[in-house]
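Down below is the structure, laid out as C-alpha cells.
The values are calculated or read from the model by the stated rules, or taken from the named source; none is laboratory data. Model, not experiment: these values are computed from the prediction. Neighbour counts run over all protein chains shown; Cβ positions are idealised from the backbone, glycine included. Just the protein is used for accessible areas: all its heavy atoms, side chains included, with ligands, DNA and RNA removed. Shrake-Rupley method; radii C 1.70, N 1.55, O 1.52, S 1.80 Å.
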Amino acid sequence: MTQTAAPQVGHLINGELTGSTPRAVHDPGRLDDVVAHVAVGDEQDVNRAVRAAHAAYPGWRSTPSAERAKLLFAAADALAASTEELAPLLVREHGGVGWEAQTDFGLGTGVIQHTVSLLEDFLSPLTIDDEQCSIQVTKAPRGVAAAIVPWNMPVVLTMLKLAPALATGNTVVLKPSPFASAALTLALQRMAAVLPPGVLNVVHGDGDVGAALCRHPLVRKVGFTGGTATAQKVLEATSPTIKNITLELGGNDPAVLLDDVDVDSTLDGLVKGVYTRSGQICFAVKRIYVPRSLYTRFADAFCARVDELVVGHGLDPQSSFGPLNNEAQFKKVQDILDRTRNSTAQLVQLGRKLDASTWENGYYVLPHVVKDVEHSAPVSCEEQFGPVVPLIAYDDEEQALAWANDSEYGLCSSVWSADPERGLAFAERVEAGSTFINSHSFDSLDPRMPFGGIKQSGLGREFGVPGLSAYVEDHAVRRLK
Ligand code: NDP
C-alpha cells in the first residue's frame, strides 16, 4: 500500500498559502497514521478571506464571460491532472476506496466543464421592445459566495458550488470539512493558480468557521451541503443579513421493487446503491420495499450478494468498501445497529474482513441487512448513513407508495420494474427531488438533471441551469423611448 509524507495544508487567501496551528488528520482505516497537517482557522481568517474575495469581485465580475469560461476550463484541466496524485491521499483521509475517490475527481471535473459549456446561452439577456420602452434583463452575480461542504464526496460537492459561482462572476470562499480537506485543497491550489488572486479562497476549521462565514455581512450567497441539523444553524446565521442560500442535505432514499421485477437483475444495482462509500452518501439507498410475494426470494438473493463484499483499507484493491469516516459517524452507526439488534427485526451481519489483524485500528463496519423489519422501525425511518439496509415487505403498491413518501426527507428514490411505463407511472407519484428507474447510484446522475431535495432534504437545486441560476440575480433595466 502507498505510504507518502503527510503534506502541510494551509488556508488559501488572496492566492497565498497561510495559516498556523496545523492539526494532524488521521487515516480512518489506520488510526495511528497521520495523513496531513491542516491549518485551523478562526473568525479573523474568515474575515481576511471574505475581504480578499470582495476585493477581487469587481475585476472578476467585469472579466468577459468568454474569458472566465476559458480560465475555468483551464482550472478543470488542472483538477483532472491532479487526480492520479491526489486520489490516494483522498482515500487515506476520507476512507473511501480508490475508484470512489477517482469518481469524485472525475465527477468534479465534469461538473465544471458541463456548467461552463452552458454559460453563453445562460447569460444571454432577455429583451423586450415596444413603442413606449425597451427592457433588458441580465443575470448579475451576487457577490462573495460561501461554499461549505462535508467529507463524503468533497471534490464534486465543492465543484457543484464553485463552478456556477465562478462562471457567473461571483468570487468564492470555501470551508471544507476537516475530515477531508487536504486532497481537495491541494487540487484547489492548482486550480486557483490559473485564476486571478482572491477569486477562489479556502479557510479551514470547524463549525465556528462555517458559522462565521454564514454571518459575514459581505457574503451574499451560501451554498451548503451537509446534515439537516447544521442546515438549521446556517438558516439562523444567514437570516439577519438575508442571504440567498442553497441547501443540499440528508436523505432516507427508498427503493421500491414492483411485483413484475426480475429479482436477479436488481441485485448489482441495489448492492451498489446501498454500500458504495460504506453507505455514507446522501442519496444512498437507505430502505428497500419488496412485494411480500417476492420477499424471501429477494432477501436470500440479496444477502448472498452482500456476503461477497470485502471490507478493508481503501488503498487495497480487494476492498469493496472502506471504513466509516470518523468516530462520531462510527458511533452513530453502532447505535442504530445496537437498537436494531435489540428489536424484533432480524439483523444479519455479512461480508468478510480483508485483514482481521488491523480491523480494530479503523472505523470498520461489515455490511448488514435487516430482515423482517417494519416500515416504522428506527432503521427504516432514520438516515443510517452506514452499510446497513432494511428490507421491508409490502402488500400492495399503494402501501409501498405511502411508505416511500412517509419520510421527513425527500432527496432521491428509485423504482425497479420490468415495465418502464409502469415504473414511470409509479415514479411520478414519489415525493422526492429525483426518482431513478432501475438504478440508484452514481451512474444514475446526469448533470442535465437538477439535483436536490424536497422537505428536510434541502432548498434549491444544483447541476445545470438551475445550479447556475442559484448564483445570479435578475437585473432589469427599463428605458423610455
Ligand atoms: P455536517 O452538517 O456536520 O457538516 C457539513 C459542513 O458544515 C462541514 O464542513 C461542517 O464543518 C460545517 N459546519 C458545522 N457547523 C456549522 C455551522 N454552524 N455553520 C456552518 N457550517 C457548519 O455534515 P457531515 O459532514 O457530518 O455530513 C453528513 C451529513 O451531510 C449527512 O446528514 C448527509 O446526508 C449530508 N450530506 C448531504 C449531501 C447532499 O448532497 N444532499 C451530500 C453529502 C452529505 P465541521 O465538520 O468542521 O463541523
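Observations, loosely collected:
- Just so you know, in segment 321-335 the residues that are open to solvent by less than 60 Å² (accessible area, probe 1.4 Å) and in a helix (DSSP H, G or I) include one that is nearest to the ligand (Cβ to nearest atom), and it is Q329.
- Some residue of segment 47-65 being assigned by TED's automatic domain parsing to the domain that holds M159, under 27 Å from the mean Cα position of the chain (by Cα), surrounded by fewer than 21 Cβ atoms within 10 Å (Cβ to Cβ) and not in a helix (DSSP H, G or I): no
- Taken together, the residues in segment 134-148 that are open to solvent by 10 Å² or more (accessible area, probe 1.4 Å) and of a type outside the set (S, T, N, Q) amount to 7.
- Residue within segment 439-452 that is more than 24 Å from the chain's Cα centre (by Cα) and among the small types (G, A, S) present: no
- Restricting segment 198-220 to residues that are part of a helix (DSSP H, G or I) and among the small types (G, A, S) leaves a set whose member that is farthest from the ligand (Cβ to nearest atom) is A212.
- Residue match in segment 285-299 (condition: out of contact with any Leu (no Cβ under 8 Å at 6 or more places or on another chain), modelled with pLDDT of 95 or more and within 16 Å of the ligand (Cβ to nearest atom)): yes
The rows are residues; the columns are (1) within 16 Å of the ligand (Cβ to nearest atom); (2) at pLDDT below 95; (3) under 29 Å from P58 (Cβ atoms).
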residue: V173; (1), (2), (3): yes, no, yes
residue: R190; (1), (2), (3): no, no, yes
residue: V194; (1), (2), (3): no, no, yes
residue: V222; (1), (2), (3): yes, no, yes
residue: G227; (1), (2), (3): yes, no, no
residue: T230; (1), (2), (3): yes, no, no
residue: L235; (1), (2), (3): yes, no, no
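- Residue in segment 336-359 that is within 16 Å of the ligand (Cβ to nearest atom) and within 24 Å of the chain's Cα centre (by Cα) present: yes
- Long-range neighbours under 9 Å by Cβ, at least six apart or interchain, first residue free of Cβ contacts under 8 Å to residues at least 40 places away in the same chain within segment 196-212, second among the hydrophobic types (A, V, I, L, M, F, W, C) and within 9 Å of the ligand (Cβ to nearest atom): A211/V234; A211/A237
- Test for V379: is it crowded, with 20+ Cβ neighbours inside 10 Å, within 16 Å of the ligand (Cβ to nearest atom), part of a helix (DSSP H, G or I) and touching a residue at least 40 places away in the same chain (Cβ under 8 Å): yes
- Residue match in segment 68-81 (condition: at pLDDT 95 or above, under 30 Å from G386 (Cβ atoms) and part of a helix (DSSP H, G or I)): yes
- The set of residues in segment 176-188 that are more than 9 Å from the ligand (Cβ to nearest atom) and open to solvent by 10 Å² or more (accessible area, probe 1.4 Å) contains only L186.
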